[in-house]
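Q: This is the structure I have questions about; it appears just below.
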C-alpha cells in the first residue's frame, strides 16, 4: 500500500515553521499519511512531513478509532 498526500506547500498549516527549522522551498514540502493499520486493537496511521531532497520529519502515530 502507498502513502497519501494530505497537503502540499502553502496548504500545510505549519509551513512557515518547517521552512524555518529545516529549510527548503515552501512548494516542495508535503504532509503525508500511511495507510490505516491495526495496532493494539486500534486503527492508526502514521503522519509526517517530507521535503524532496531533504527527507522526512516529525513522524507521528495518529489514532483513528478505538476498538
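The values are calculated or read from the model by the stated rules, or taken from the named source; none is laboratory data. The model shown is predicted, which means the values in this text are computed figures rather than measured ones. No Cβ is skipped: glycine too gets one built from the backbone with ideal geometry, and neighbour counts run over all protein chains shown.
Q: Of all residues in the range 16-27, count the ones that are out of contact with any helix residue (DSSP H, G or I) (no Cβ under 6 Å at 6 or more places or on another chain), loosely packed, with under 14 Cβ neighbours inside 10 Å and assigned to a helix (DSSP H, G or I).
A: 4
Q: Ok, one more. Got a sec? Which of 10, 58 is at negative phi and either without any contact (Cβ under 8 Å) to a residue 40 or more places away in the chain or under 10 Å from the mean Cα position of the chain (by Cα) (or both)?
A: Result: 10 is the single residue among 10, 58 that is at negative phi and either without any contact (Cβ under 8 Å) to a residue 40 or more places away in the chain or under 10 Å from the mean Cα position of the chain (by Cα) (or both).
Q: Select from the range 51-67 the residues that are part of a loop (DSSP other than H, G, I, E, B) and more than 24 Å from residue 26 (Cα to Cα) and list them in ascending order.
A: Across the range 51-67, the qualifying residues are 66, 67.
Q: Name the residue that is surrounded by the fewest Cβ atoms within 10 Å (Cβ to Cβ), counting only residues in the range 1-12 that are part of a loop (DSSP other than H, G, I, E, B) and in contact with a strand residue (DSSP E or B) (Cβ under 8 Å, 6 or more places away or on another chain).
A: Out of the qualifying residues, it is 3.
Q: Restrict the check to the range 29-46 and report whether at least one residue is at pLDDT below 95, in contact with a helix residue (DSSP H, G or I) (Cβ under 7 Å, 6 or more places away or on another chain) and assigned to a loop (DSSP other than H, G, I, E, B).
A: no
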